[in-house]
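The values are calculated or read from the model by the stated rules, or taken from the named source; none is laboratory data. Small disclaimer: the values here were computed from a predicted structure and weren't measured. Positions of Cβ are backbone-derived with ideal geometry, glycine not excepted, and every protein chain shown enters the neighbour counts.
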């Protein structure tokens, strides 16, 4: 990412660095001070001296990085003086506790988006538009073909698929942190009150969502279900890594589906070996990306991760925004 020399943020071997704050944002390697956008493993890595993150992400961070990490929790919108910089965290609408990080020093302001989405999600705080001089945006789904329908519509598709197989279990594969809880929250809004069975990797991350007051159906770990109890008609949620694993051998005759934005691509479901694909993403679709850049009113935009070349070219040629 060719950041302008002398700017507030610079790209180093450890990742994106703000000298004024003496801090790295979502560093790639252990550093003395890390500002964390959210608790997914590619953004929050172990070994840092201190972590600054939104308070509601604390449970997930301690589960993933260790209970003893030096965590300094902050609230959305709070203005924090870190070194010579003013730093604030604003909801990214991605997962529980996710944030965009705004840094201001030396007469300039930068906004680092992390991962974000604009559509409604009952499992986390809604996205907050934020303005800055320079905006760093993700572009995971940075192609016009990506247009999301509402989570409620997808949840109804899931229920119909699940109810359509009363004689066997239904295994829904989705990411253990964020997607699984969003699916559960959407099912709750449809009035589902049956106990949903969870793979251990999902079950371990449920407590922070319950503590944050996210309404979901009752759940229990699949491992706690007696071996002789029938699984016919039951819904099981598991991470993609468990697909075709020996740990799910008792679900060998189950129908299966995968929840992901990648299911919008024709052939993706078949290539990944799933019986059914449901299109739901915790990243912004094309219109969400463009709208967020417009809302930021940034004079300079850097696009990273995913379809960065396509989005930056569109921003330059169609929107007239300086982007690379």
Quiz item: Mind checking whether some residue in the stretch 171-183 is surrounded by fewer than 16 Cβ atoms within 10 Å (Cβ to Cβ) and at pLDDT 95 or above?
Solution: no
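Right, residue 205: out of contact with any strand residue (DSSP E or B) (no Cβ under 9 Å at 6 or more places or on another chain) and surrounded by 12 or more Cβ atoms within 10 Å (Cβ to Cβ) or not?
yes
Looking for whichever is in the same structural domain as residue 225 (by TED's automatic domain parsing) and over 12 Å from the mean Cα position of the chain (by Cα) here; the options are 161, 110. Which one fits? Before the answer, list the steps.
Values: 110 fails: in the same structural domain as residue 225 (by TED's automatic domain parsing).
Among 161, 110, only 161 is in the same structural domain as residue 225 (by TED's automatic domain parsing) and over 12 Å from the mean Cα position of the chain (by Cα).
Across the stretch 43-69, which residue is farthest from residue 206 (Cα to Cα) among those that are part of a loop (DSSP other than H, G, I, E, B) and without any contact (Cβ under 8 Å) to a residue 12 or more places away in the chain?
Step one: list which residues in the stretch 43-69 are part of a loop (DSSP other than H, G, I, E, B), which gives 43-49, 66-69.
Okay, now just the ones that are also without any contact (Cβ under 8 Å) to a residue 12 or more places away in the chain, so 67-68.
On the way: 67: 16, 68: 20 Å.
Going through the qualifying residues, I end up with 68.
One line per residue, one yes/no per condition, for (1) modelled with pLDDT under 95; (2) touching a helix residue (DSSP H, G or I) at 6+ places or on another chain (Cβ under 9 Å); (3) within 14 Å of residue 240 (Cβ to Cβ):
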| site | (1), (2), (3) |
| --- | --- |
| 267 | yes, no, no |
| 273 | yes, no, yes |
| 278 | no, yes, yes |
| 290 | no, yes, no |
| 303 | no, yes, no |
Exercise. Report whether or not residue 275 is in contact with a strand residue (DSSP E or B) (Cβ under 8 Å, 6 or more places away or on another chain) and on the phi > 0 side of the Ramachandran plot.
Key: no
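Taking the criterion of being without any contact (Cβ under 8 Å) to a residue 12 or more places away in the chain, in the same structural domain as residue 40 (by TED's automatic domain parsing) and in a helix (DSSP H, G or I), would at least one residue in the stretch 302-310 satisfy it? Break it down stepwise before answering.
The first filter runs over the stretch 302-310 and keeps only residues without any contact (Cβ under 8 Å) to a residue 12 or more places away in the chain, leaving 309.
Checking which are in the same structural domain as residue 40 (by TED's automatic domain parsing) leaves us with 309.
Then keep just the ones that are in a helix (DSSP H, G or I); that gives 309.
Looking through the stretch 302-310, at least one residue is without any contact (Cβ under 8 Å) to a residue 12 or more places away in the chain, in the same structural domain as residue 40 (by TED's automatic domain parsing) and in a helix (DSSP H, G or I).
Report, by residue number, each residue of the stretch 287-301 that is part of a helix (DSSP H, G or I) and under 18 Å from residue 9 (Cα atoms).
296
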Quiz item: residue 229 versus (1) within 24 Å of residue 253 (Cα to Cα); (2) surrounded by fewer than 21 Cβ atoms within 10 Å (Cβ to Cβ); (3) in contact with a helix residue (DSSP H, G or I) (Cβ under 9 Å, 6 or more places away or on another chain): which is the lone unmet condition?
Solution: (3)
Quiz item: In the stretch 14-33, is there at least one residue being surrounded by 13 or more Cβ atoms within 10 Å (Cβ to Cβ) and part of a helix (DSSP H, G or I)?
Solution: no
Quiz item: For residues in the stretch 102-137 being part of a strand (DSSP E or B) and touching a helix residue (DSSP H, G or I) at 6+ places or on another chain (Cβ under 8 Å), which is nearest to residue 36 (Cα to Cα)?
Solution: 111
Practice problem: Give 120, 105 a once-over and let me know the one that is within 27 Å of residue 20 (Cβ to Cβ) and outside the structural domain of residue 193 (by TED's automatic domain parsing). | Solution: 105
